[in-house]
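Report on one structure; see the data block that follows.
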Amino acid sequence: MWIDTHCHLDAPEFGAGHALALAARERARSSGVGLCVIPAVQRSNWDSVRHLSHRLGDAYALGIHPLCVPQAQDEDLQALDAALSAHRDDPRLVAVGEIGLDFFVPALCTPAMRERQQHLYREQLRLARAHGLPVIVHVRRSADLVLKHLRELPTGSGIAHAFNGSEQQAQAFLNLGFKLGFGGAVTFEPARQLRRLASSLPLDSLVLETDAPDIQPQWLYVTAAQREAGQAQGVNTPAELPRIAAVVADLRQLPLEELAQATQANAFAALHRLAGLGRDAQGAA
Ligand SMILES: [Zn+2]
């Protein structure tokens, strides 16, 4: 069984009423993706992420994404605390996420926004600790600060999603009990450092993800020139996970089956509540 540890199936790209998400999820299931983790991005989508994950038999996380920090209010933190309490017995709620820091988007890099991002990130780490949940972190040009706050407010485990840092940064996340999320980016041959890490890191450090509908794998990627020539952008869905996995297995010279078993165990270790859902998903397969 494959686990897509990060996909935004509630995104508008998947159509009104999640019509395309349901079809994509069905396709993913028939290609062996037994579980998806759907992270929320802001207060207004917490309910929809929760409902969708129940409808699909998947898992979800609640949180405020760094890209949503400009719209976030302080009272959203109290609302998050209340939501985590209200759904504490929901086995499908597996983490606080997606949270973190993004210093790539210019509008988020002003001194005030850097401060604000770190404030919301830290407060959400506190909530994760108070509720005994791991975290799913977004790291873009921000690994050292994401790590610094995690060291001060450790959550015991979690996932550094779409990991794209150095070997030292990888090791620092692993030392904090985290697993590293690998997805579409690793399918591009020029991504030398990332591909080297995907092949050389210990097998127990990797989890797989599609980040659907974002981070297209190489075979769905359409260049600006191709777009201008009328070629449509391919839609990334969890159904791409087995093919991404095949790239990682190839880089590691590892049988697919072995990678599936290891990344499943790693996902359970990172998000402890997934293990219970995993048993059910396998029973249903
Ligand atoms: Zn995400």
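The values are calculated or read from the model by the stated rules, or taken from the named source; none is laboratory data. Keep in mind it's a predicted model, so treat the numbers as computed, not measured. Because the Cβ atoms are built from the backbone with ideal geometry, glycine has one as well, and the counts that use them run over all protein chains shown. Side chains are part of the model used for accessible areas, which takes the heavy atoms of the whole protein and leaves out ligands, DNA and RNA. Shrake-Rupley method; radii C 1.70, N 1.55, O 1.52, S 1.80 Å.
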S44/D280 FRET efficiency (R0 25 Å; Cβ-Cβ; nearest 0.05): 0.30
In a Gaussian network model over the chain where Cα atoms closer than 10 Å are linked, find which of L251, L180, L125 has the largest mean-square fluctuation. L251
Signed unit charges on C-beta, dipole axis of the chain, positive-most listed residue I3, L67, A143: A143
Restricting to Cα pairs under 8 Å and 6 or more apart, the percent relative contact order of the chain works out to 21
I need the phi-derived Karplus couplings for region 241-257: 6.51 cos²θ - 1.76 cosθ + 1.60, θ = phi - 60°, integer Hz, Gly and Pro marked x. 4, x, 6, 5, 4, 5, 5, 5, 4, 5, 4, 8, 6, 10, x, 3, 4
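Thinking of region 91-158 as a set of Cα atoms, what percent of all their pairs are more than 19 Å apart?
28
So how much slack lies between L174 and A107, counting 0.36 nm per residue of separation and subtracting their Cα-Cα distance, in nm?
21.1 nm
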May I have the convex hull volume per residue, in Å³, for the Cα set of region 177-233? 86
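If the chain between A225 and D90 were fully stretched, how many nm would it gain, using 0.36 nm times the residue separation less the Cα-Cα distance? Provide the component values of the computation, followed by the final result.
Details: separation 135, 0.36 × 135 = 48.60 nm, distance 4.67 nm.
Contour length minus Cα-Cα distance gives 43.9 nm.
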Rounded to whole Hz and in sequence order, give me ³J(HN,Hα) for region 73-87 from the Karplus expression 6.51 cos²θ - 1.76 cosθ + 1.60, θ = phi - 60°, writing x for Gly and Pro. 10, 4, 5, 4, 5, 5, 5, 5, 4, 5, 5, 5, 6, 4, 10
How big is the chain by Rg and Dmax over its Cα atoms, in Å? 17.7, 52
Taking all pairs of different Cα atoms in region 1-138, averaging 1/r and flipping that mean, what Kirkwood radius in angstroms comes out? 15.4
Provide the descending list of Cα extents for region 141-205 along its principal axes, expressed in whole angstroms. 36, 25, 18
Residues of region 227-285: accessible area per residue at 1.4 Å, in Å²? 52
Evaluated over region 19-85, the Cα radius of gyration and Dmax, each in Å: 13.8, 42
Listed by chain and number, the residues whose amide H is under 5 Å from that of G100, excluding neighbours fewer than 5 places away on the same chain and using placed H, are H138
Express the relative contact order of region 149-198 as a whole percentage, based on alpha carbon pairs under 8 Å and six or more residues apart in sequence. 36
Heavy-atom accessible area of V222, protein chains in place, probe 1.4 angstrom, given in Å² to nearest 10, is 0
Please work out the C-alpha center-to-center distance from region 134-213 to region 224-263 and express it in whole Å. 18
Spherically averaged projected area in nm², based on the convex hull that wraps the Cα atoms of region 52-130: 5.6
Where the eigenvalues come from the Cα gyration tensor of region 66-201, what are the semi-axes √(5λ) of the equivalent ellipsoid, largest first, in whole Å? 26, 19, 13
Square roots of five times the C-alpha gyration tensor eigenvalues of region 187-285, ordered largest first and given in whole Å, equal 28, 18, 11
